[in-house]
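Working notes for the structure below.
Just so you know, all these numbers are worked out from the coordinates, no wet-lab data involved. Nothing here was measured: the structure is a model prediction, and the numbers come from that model. Every residue, glycine as well, gets a Cβ built from its backbone with ideal geometry; the counts of neighbours run over all protein chains shown.
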Amino acid sequence: MTLKDLGWNEYFADRFEPLRHKGYVPARIVRGEKNYFRVCTGDQELTARFAGKLRHRADGRSALPVVGDWVAVKVQGNQGRAVIQDVLDRRTSFARNLPGRRKSSGRERIEQQVIAANVDLVLIVSGLDRDFNLRRIERYLTLVAGSGSAAAIILNKADLCDDPQYYARQVETIAPEIPIYVFTARDVDQLKPLYALFSAGKTVALLGSSGVGKSTILNGLLGEQRQKIGEVSDAVGKGRHTTSHRELFVLPQGGILMDNPGMRELHLWGDTEHLEESFADIEELALQCRFSDCAHRSEPDCAVRAALDEGRLSQGRLANYQKLKNELGRLKQRR
Ligand SMILES: Nc1nc2c(ncn2[C@@H]2O[C@H](COP(=O)(O)OP(=O)(O)OP(=O)(O)O)[C@@H](O)[C@H]2O)c(=O)[nH]1
Ligand SMILES: [Mg+2]
Ligand SMILES: [Zn+2]
């Protein structure tokens, strides 16, 4: 394997250049465990920790390395170990808010948690069993809009659904610009349309709730059972968090695929501007409201309410838009 197979390119080479003379080598973080990482330098895979100075220099968690990051490592002897000395600037980063409370005051606290770095395309996976939820897909799309990555939507487990196309049409109404794939991942032949999404050096990530079939898709594309698959009873349709870490896999046909654990909580991190991408229809309507600060409630000449009354916009989508906008607005205030 070469660094290029792992996604290395001029962007990262430029950023690594000033570090080369220190005797560091470039590597990509291919797997995250609780207390260490696995990094790949092209010809070898090493167990790596990050240097303490990274933690001290880092203002908040976001600057610490995550899976997908390109890093400068110092290889230690030949025992398969390395120390991460620096994290190269990310091209994209997928982050969520990890809200909590301050121990001292009990006041609400926000924290950016970067989940994955340098992903070019996020595959948002839903199951067409009980998992399907348009509002959650809108939330994912808003998060991806803030990450710098592109998005595609996968509706898996078509075999468990009477009318998969009905759901595909629903998704189309909320994401007209985004490619949608509907299939049964258990049948590997049905994964073929996904091949077009991959090319050498491009990083694609699978995101979605637990049990939707992310690892099944990965294994299908790898052509082997590398990741453990959950034993979910079809009747219940609930996942049990089979995958517990993030990991990158290089596909035989070229391209890199990141498998992720199912995500339960998905609080937004980002800016209200990102809604322009995920809710372009509402944002465009809002430009035609009489008042520029229209809240689309009872104001006169409200284009958004008009669309709602005429059935061009659903109540559920508008309510979710307002909810996500509030969430991002509160985040902005706290930052
Ligand atoms: N009926 C049906 N079952 C599927 C399909 N794809 C995956 N499954 C099943 O769904 C269950 C969960 O699949 P996984 O691939 O482990 O799901 P995951 O998204 O990786 O789950 P986590 O690792 O917990 O996040 C397994 O029992 C799979 O066999 C499908 O297309 N149809
Ligand atoms: Mg999994
Ligand atoms: Zn309005």
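Points to keep in mind about this one:
- Kirkwood-type hydrodynamic radius, the stretch 10-87: 12.5 Å, calculated from all non-identical alpha-carbon pairs.
- The stretch 246-335 - percent relative contact order, Cα under 8 Å, separation 6 or more: 24 percent
- Per the Debye calculation on the chain with a single equal scatterer at every Cα and no solvent contribution, log₁₀ I(q)/I(0) for q = 0.11, 0.13 Å⁻¹ amounts to -0.79, -1.05.
- Model label points for THR173 and ALA51, set 7 angstrom from Cα along the Cα-to-Cβ axis, are 5.5 nm apart.
- Taking amide hydrogens as placed 1.01 Å from N in the peptide plane, the amide H of LEU268 sits under 5 Å from those of ASN97, each at least 5 positions away in sequence or on another chain.
- When chymotrypsin sites (Phe, Trp or Tyr not before Pro) are flagged only if DSSP places them in a loop and at most 16 other Cβ atoms lie within 10 Å, the longest unflagged stretch of the chain comes out as 37-290.
- Counting only DSSP H runs of at least 4 residues, each contributing -39500 (n - 2.57), and dividing by the residue count of the chain, the helix-based mean residue ellipticity at 222 nm comes to -7500 deg cm²/dmol.
- In order along the stretch 44-53, phi translates into HN-Hα couplings of 9, 9, 10, 8, 10, 10, 9, 4, x, 4 Hz, rounded to whole numbers, per the Karplus curve 6.51 cos²θ - 1.76 cosθ + 1.60 with θ = phi - 60° and x for Gly and Pro.
- Taking every alpha-carbon pair under 8 Å whose residues sit at least 6 apart, the chain reaches a relative contact order of 15 percent.
- All lysines inside 17 Å of LYS53 as judged from Cα atoms, apart from same-chain residues fewer than 8 positions distant: LYS22, LYS74
- Dipole axis of the stretch 1-160 (+1 Lys, Arg; -1 Asp, Glu on Cβ), positive-most option in LEU3, LEU121, LEU141: LEU141
- Tensor-based shape of the stretch 113-259 (alpha-carbon gyration tensor, a/c under 1.5 rounded, otherwise prolate or oblate): rounded
- For the stretch 145-252: lysine pairs under 22 Å (alpha-carbon distance), excluding those fewer than 8 apart on one chain: 11
- Working note: Karplus 6.51/-1.76/1.60 with θ = phi - 60° gives the stretch 174-182 the couplings 8, 9, x, 8, 9, x, 10, 10, 10 Hz, where Gly and Pro are set to x.
- Within the same chain, lysines fewer than 8 places from LYS323 are excluded, and of the rest, those with a Cα less than 18 Å from its Cα are LYS332.
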